[in-house]
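The values are calculated or read from the model by the stated rules, or taken from the named source; none is laboratory data. These numbers were taken from a predicted model, which means no experiment stands behind them. No Cβ is skipped: glycine too gets one built from the backbone with ideal geometry, and neighbour counts run over all protein chains shown. Keep in mind that these areas ignore ligands, DNA and RNA; they rest on the heavy atoms of the full protein, side chains included. Shrake-Rupley method; radii C 1.70, N 1.55, O 1.52, S 1.80 Å.
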Amino acid sequence: MTDDLAALRDETLAKVEAAGDLAALDAVRVAALGKNGAVTALMKGLGAVAPEQRKERGAALNALKDAIAAALDARRAALEDAALDARLAAERLDITLPPRPAPEGLIHPISRTIEEIVAIFGAMGFTVAEGPDIEDDWLNFGALNIPAHHPARQDHDTFYMPGRTPEGREKVLRTHTSPVQIRAMLNRPPPIRVIAPGRTYRADHDATHSPMFHQVEGLAIGRDITLAHLKGCIVDFLRAFFGIPDLPVRFRSSYFPFTEPSMEVDIGWNRRTGELGRGGDWLEILGSGMVHPKVLEAGGVDHTEWQGFAFGMGIERVAMLKHGITDLRPFYESDIRWLRATGFRPEDVASLATGLN
Ligand code: PHE
């Protein structure tokens with residue numbers, strides 16, 4: 001290679017090495033090998049070289065061109081590697097940082113409904129009472145004025161459990177929350193104001209009945225608690241719970257062995273659209289009445305001195321009505337997709353327009 005070519009090569013290779021980024025490198029390539037580049041110009045001048053030197057000059061120019069092209073490729077690869085390294089460093093995640101807490105888990109509509117019921121009755125001075133799911137048949141039936149062979153026992157499709165209580169009584173899965181009325185009376189002296197939400201069981205299973213479901217019981221005992229108190233509490237509760245201040249409520253004469261008189265309570269709705277509060281149809285929502293003297297006696301409460309009211313309501317029923325849930329079965333299937341769609345965020349507080357707080 002002649003001196004002029006060697007000088008051009010050294011100069012160009014130095015520029016290749018000095019190129020700090022891909023744009024600078026491309027400028028070096030254009031200056032050497034581009035259409036008007038230095039090497040290209042020398043190639044074009046080959047025709048003017050004396051024929052006996054042309055072959056050697058041509059080979060030298062090709063070697064020069066190859067050397068520059070190889071240096072360009074190597075430098076480009078190095079610059080690209082460096083660019084990738086820089087990007088990887090810049091985009092690095094510090095996986096040792098503690099994660100922000102993601103909202104996880106929602107409140108099941110049954111739990112949420114119980115919370116709302118407790119909040120509304122809590123504002124009226126009721127406290128929560130509890131009883132066991134496996135109940136003594138005396139508390140589930142006898143103490144509630146449902147003797148053995150009473151037809152109401154058949155209505156309840158009772159699950160009987162093996163074994164007996166220490167008193168020798170049969171054990172049942174409670175068919176309603178009403179035994180908690182008796183437990184509450186036996187546990188504390190009157191006056192009493194309790195509600196008792198919880199699981200109940202009946203051997204019933206179809207699209208609208210589950211063998212396990214939930215009820216909430218209410219019991220108020222005082223010296224002069226009357227039917228007017230019952231009606232006032234129930235109307236206030238239903239209007240607060242459903243958030244409809246003028247919700248129509250109807251009390252309809254009925255029969256329960258443990259209350260006298262007894263009333264079923266209906267709310268106004270539209271049977272066709274499911275809309276609550278208007279539409280001219282009635283929907284039964286709960287059972288209620290004045291506690292029967294025999295029930296007071298079974299609870300150790302003197303019925304000549306005390307009287308009161310009780311009510312019982314299905315929780316699934318009111319949860320479905322309030323939230324437009326049409327199928328009962330998913331309540332118990334633990335399907336995460338249903339729970340995500342239907343559950344409640346703990347931080348969302350229900351607006352219970354009670355006017356009571
Ligand atoms: N225990 C009744 C039922 O399960 C409801 C009820 C409770 C009715 C209290 C009146 C008083 O159907």
Take the residues in the stretch 308-327 that are more than 16 Å from the ligand (Cβ to nearest atom) and more than 17 Å from the chain's Cα centre (by Cα); name whichever of them is nearest to residue 143 (Cα to Cα).
321
2 or more residues at pLDDT below 95: qualifying helices (runs of 4 or more DSSP H) within the stretch 134-208
151-155
Determine whether residue 248 is in contact with a helix residue (DSSP H, G or I) (Cβ under 9 Å, 6 or more places away or on another chain) and not small (Gly, Ala, Ser).
no
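Each row is one residue, and each column tells you yes or no for (1) within 16 Å of the ligand (Cβ to nearest atom); (2) farther than 30 Å from residue 330 by Cα; (3) in the same structural domain as residue 119 (by TED's automatic domain parsing).
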{"position": "198", "(1), (2), (3)": "yes, no, yes"}
{"position": "225", "(1), (2), (3)": "yes, yes, yes"}
{"position": "248", "(1), (2), (3)": "no, no, yes"}
{"position": "273", "(1), (2), (3)": "no, no, yes"}
Flag for residue 55 being under 24 Å from residue 4 (Cα atoms), surrounded by fewer than 16 Cβ atoms within 10 Å (Cβ to Cβ) and among the charged types (D, E, K, R)
yes
Those residues of the stretch 9-36 which are part of a loop (DSSP other than H, G, I, E, B) and in contact with a Lys or Arg (Cβ under 8 Å, 6 or more places away or on another chain), in sequence order:
19
Looking at (1) within 27 Å of the chain's Cα centre (by Cα); (2) away from the ligand (no atom under 13 Å from the Cβ); (3) open to solvent by 50 Å² or more (accessible area, probe 1.4 Å), find the lone condition where residue 305 falls short.
(1)
Can you tell me which residue among 106, 93, 79 is open to solvent by 60 Å² or more (accessible area, probe 1.4 Å) and farther than 20 Å from residue 330 by Cα?
93
Got a sec? Which of 287, 232, 300 is under 22 Å from residue 201 (Cα atoms) and either within 11 Å of the ligand (Cβ to nearest atom) or modelled with pLDDT of 95 or more (or both)?
287
Within the group 165, 158, which residue is within 15 Å of the ligand (Cβ to nearest atom), assigned by TED's automatic domain parsing to the domain that holds residue 212 and either under 18 Å from residue 199 (Cα atoms) or among the polar types (S, T, N, Q) (or both)?
158
Exactly one condition in (1) buried (at least 17 other Cβ atoms within 10 Å of the Cβ); (2) more than 15 Å from the ligand (Cβ to nearest atom); (3) under 28 Å from the mean Cα position of the chain (by Cα) is not met by residue 117; state its number.
(2)
I'm told residue 29 meets every condition in (1) of a type outside the set (A, V, I, L, M, F, W, C); (2) open to solvent by 70 Å² or more (accessible area, probe 1.4 Å); (3) without any contact (Cβ under 8 Å) to a residue 24 or more places away in the chain except one. Can you identify the failing condition by its number?
(3)
For the stretch 232-239, state whether one or more residues are part of a helix (DSSP H, G or I), farther than 26 Å from residue 111 by Cβ and open to solvent by 10 Å² or more (accessible area, probe 1.4 Å).
yes
From the list 75, 92, which residue is assigned to a loop (DSSP other than H, G, I, E, B) and not hydroxyl-bearing (Ser, Thr, Tyr)?
92
Can you tell me which residue is nearest to residue 323 (Cα to Cα) among those in the stretch 263-302 that are open to solvent by 30 Å² or more (accessible area, probe 1.4 Å) and not in a loop (DSSP other than H, G, I, E, B)?
269
